[in-house]
Amino acid sequence: MAPRSLIVGNWKMNMNCLSSKTLAADIIQNVSSKTIELAICPPFVYLLPVSLLLSSSKVLLGGQDCHNYKSGAHTGDIAPEMLVDLGCTYVILGHSERRICHNENNLVVRSKAKAAIEAGLIPIICVGETENERSAGKALEVVDKQIRGSLPERLNSNNLVVAYEPIWAIGTGRIPNIEYISIVHSHIRNILGDICYDAVNIRVLYGGSVKPDNAKKLMSVINVNGALVGSSSLQAADFLAIAEEMS
Ligand code: PGA
């Protein structure tokens, strides 16, 4: 049986306090009872108001990053325990925007993932190739290195989600063809098989320009178990339409 699907909204550095609450309320009010698992990841400063709204709903909460220490002199950082304190279930780690703009390499992602798991969070670990790497035929090699380098030990389907996000597809409106996605996702499943005892149950999400009109097609790919959604998660109607298409 395929793993239970998951759709995650990554709000990135968007919204304000009021629009965050409005968007969360809209999602909660309109989510269908049949919809698969949904999670939203607002900016840190809006986690609390959103969390208060989500407490009576089945929509889950996630952070967009966390530090690898529990506390201490780390100005501007957020500990995994703080995310748990605010009701988070998930944390996105190793997003390409963090890998590129904050120089986060595999070792950093790995130590954050270890800390997140110890705190009781489920990391959503992102991997994916650049346009140049894709053109050079290196996508599988890049993803292989990122997964083996970013995943801590003792992972299983209860404490890990992987997101394949080709960097050239993020925010561009372009998605790889279905065959390409299928090849990369089965490659990821095989790598997870080397590392985890129940790899077959680990959710592997696709991310990068997921929209209501391509969601069904993406979900039809074997080994795609949901989506990490950026810009289309900023409108309740689009986000829920994606969830419906993928249910
Ligand atoms: P996008 O972003 O859906 O806007 O392409 C996806 C992501 O970066 O997680």
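The values are calculated or read from the model by the stated rules, or taken from the named source; none is laboratory data. This structure is a prediction, so every number in the text was calculated from the model and none was measured. All Cβ positions, glycine included, derive from the backbone under ideal geometry; neighbour counts span all protein chains shown. Heavy atoms of the whole protein, side chains included, go into the accessibility calculation; ligands, DNA and RNA do not. Shrake-Rupley method; radii C 1.70, N 1.55, O 1.52, S 1.80 Å.
Amide hydrogen proximity for Ala227: with H placed 1.01 Å from N in the peptide plane, the residues at 5 or more positions away or on another chain lying under 5 Å are Leu6, Ile7, Val8, Tyr206. Applying 1/(1 + (r/R0)^6) with R0 = 22 Å to the Cβ-Cβ distance of Asp198 and Glu141 gives a FRET efficiency near 0.30.
Over the residues of the chain, the helix contribution to mean residue ellipticity at 222 nm works out to -12000 deg cm²/dmol, using -39500 (n - 2.57) for each DSSP H run of at least 4.
The charge dipole of the range 6-246, taken about its Cα centre with unit charges on the Cβ of Lys, Arg, Asp and Glu (plus for the first two, minus for the last two), comes to roughly 60 debye. Gain on full extension, evaluated as 0.36 nm per residue between His102 and Asp26 minus their Cα-Cα distance, stands at 24.1 nm. Protection proxy ranking for 118-128, 102-112, 207-217, using the average of other Cβ atoms within 10 Å per residue and placing the highest first: 118-128, 207-217, 102-112. Each residue of the range 59-72 is assigned a 3J(HN,Hα), and the resulting list reads 6, 9, 10, x, x, 9, 5, 7, 8, 9, 10, 6, 5, x Hz, derived from the Karplus form 6.51 cos²θ - 1.76 cosθ + 1.60 (θ = phi - 60°), x at Gly and Pro. For the chain, the longest piece that avoids every one of the chymotrypsin sites (Phe, Trp or Tyr not before Pro) found in DSSP loops with at most 16 other C-beta atoms within 10 Å covers 70-196. Across the range 164-247, Cα pairs under 8 Å and at least six residues apart give a relative contact order of 32 percent. What relative contact order, as a whole-number percentage, does the range 6-246 give when Cα pairs under 8 Å and 6 or more residues apart are counted? About 20 percent, as a whole number. Based on the Cβ-Cβ distance of Ser33 and Met1, what FRET efficiency does E = 1/(1 + (r/R0)^6) give at R0 = 30 Å, to the nearest 0.05? The pair Ser33/Met1 has a calculated efficiency of 0.90. Placing a label point 7 Å from the Cα of Glu131 along the Cα-to-Cβ direction, the residues of the range 93-117 whose backbone N falls under 20 Å of that point are 96-102. With each label modelled as a point 7 angstrom along the Cα→C-beta vector, the Ser220-Ser111 pair spans 4.6 nm.
Here the simple spin-label model places points 7 Å from the Cα toward Cβ, and for Leu18 and Arg174 these points are separated by 3.9 nm. What is the percent carbon and sulfur in the accessible area of the range 134-220, measuring with a 1.4 Å probe over the protein chains and ignoring ligands? That share works out to 49 percent.
Charged neighbours of Ala39, selected by a Cβ distance under 13 Å, balance to +2 (K, R count +1; D, E count -1). Projected label points at Val45 and Asn190, each 7 Å from Cα along the beta carbon direction, are separated by 4.6 nanometres. With Cα atoms as the point set, the radius of gyration and Dmax of the chain evaluate to 16.6, 48 Å. In the context of the full set of protein chains, the chain has a per residue accessible area of 45 Å² (1.4 Å probe).
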